[in-house]
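Quick notes on the structure that follows.
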Amino acid sequence: MLSLLSDIPKILAVIIYLADEAYIGVIGGFWYFLVKFGLEPSYAFPILTKDSSFMSFYYFMFNSIYFEIAAFVIVAASIYVLFSSSFGKNSGFGELGIRFSISVIVFMGSLEISQFIVQASYYVYGILWGYGNINWYSLLSVTNISSNISIPLSQIGASNALIEFFLLSWLFIATFTLLGMLIIRQAIIIFLTILLPVFSLLLMTKDSSKVAIKLWLLFIESAVLPTFVIILLILVHIFYGDFILQIGFLTLASLVPTLIMSNSMIYRFASFQSAYGEMSAASVLSGAINQVGYAGSALSGNATVPILGNMLSYPIWSKEKGNSGPLRMQGRPSGGIDWKSIENEKLKYRRER
């Protein structure tokens, strides 16, 4: 009986080892879908003018709805300008006339402008895509993370297997997040291509133009997003021998919208953020580490692993100036980034400029 109990840790270690090997296969499958549908140029940069079904729907929306809205707005703006001029409130063409002209031009040429942005981004991206003749579809060709993490069965132990599981979980989260982000990006580009004509009419006034500019910026940033991602993935391939740094580059690639985009909120719902609660990467990983740590403590008697999970459960950002390190935010439980406060601070900064 005692002999059987002493073999339990070894049996559990082998089970975890087999689960880790299956985990690697799952990650490889997600990686293939990531490259095929998120990074391959023909999918990443949809040339919508070549899609007859899309163009049919676009012109239906433009001719049946948008054109009538534009006609109404143009007539209303013309009446306003004439009325203002008659009562001496508008001494010339003025700012409204300039905005009026710009909005009409952008409205009429919205499709051509949006597709030019996509094609320009595609050209730059295509150059980087062909760098080094990398086989992007194979995870092992891009990075040796999984092979470096994998531990031979002869050396397997409870702690080693759990550490391997944690590192593979980190790799899985980064890959899955990147896949979701790139798929959402394509949907944004196609959706905004349809909406931008009518929203471009909002450029006519100073207040409403903020909405139009925000949508155009979101479109431009979404178009160039894969360029930053592919640069980071090339760096993953270049630093082939440093798998920890490779995981860092992959994680950074999944966080690109948060780092460089002015309208990154929508992308967080495709990554670590949830509509039902703000959840950071650190909080996701800390939960996994704690569970793994407690299991490891039971198997090996080492109780130090959960401490790492507790450290990661602290928020990364602190609004209090002068503070450094993992500090809790006031009024919030540990384990989350206050994205709403960050967005409010960004908006406040822009208004003060």
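Whether a residue is modelled with pLDDT under 85, aliphatic (A, V, I, L, M) and part of a helix (DSSP H, G or I) was assessed, and Ile11 passes this test.
Looking at Ile194, Ile189, which one is among the hydrophobic types (A, V, I, L, M, F, W, C) and either buried (at least 21 other Cβ atoms within 10 Å of the Cβ) or not in a helix (DSSP H, G or I) (or both)? Please lay out each step first, then the result.
Numbers: Ile194 fails: either buried (at least 21 other Cβ atoms within 10 Å of the Cβ) or not in a helix (DSSP H, G or I) (or both).
The match here is Ile189.
Summed over the stretch 19-70, residues that are part of a helix (DSSP H, G or I), over 21 Å from Ala253 (Cα atoms) and either basic (Lys, Arg) or without any contact (Cβ under 8 Å) to a residue 40 or more places away in the chain (or both) total 13. Scanning the stretch 48-60 for any residue that is at pLDDT below 90 and closer than 30 Å to Phe172 by Cβ turns up nothing.
One line per residue, one yes/no per condition, for (1) modelled with pLDDT of 90 or more; (2) in a helix (DSSP H, G or I); (3) not charged (D, E, K, R):
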| site | (1), (2), (3) |
| --- | --- |
| Leu167 | no, yes, yes |
| Ala174 | no, yes, yes |
| Ile183 | yes, yes, yes |
| Lys206 | no, no, no |
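Residue by residue through the stretch 222-266, note down the ones that are at pLDDT 80 or above and either small (Gly, Ala, Ser) or touching a Cys at 6+ places or on another chain (Cβ under 6 Å) (or both). The answer is Ser222, Ala223, Gly248, Ala253, Ser254.
Scanning the stretch 209-252 for residues that are closer than 17 Å to Asn133 by Cα and without any contact (Cβ under 8 Å) to a residue 24 or more places away in the chain yields Leu235, Ile238, Phe239.
The values are calculated or read from the model by the stated rules, or taken from the named source; none is laboratory data. Worth saying up front: this structure is predicted, and the values here are computed from it rather than measured. A quick note on method: Cβ atoms are made from the backbone with ideal geometry, for glycine too, and the neighbour counts reach across all protein chains shown.
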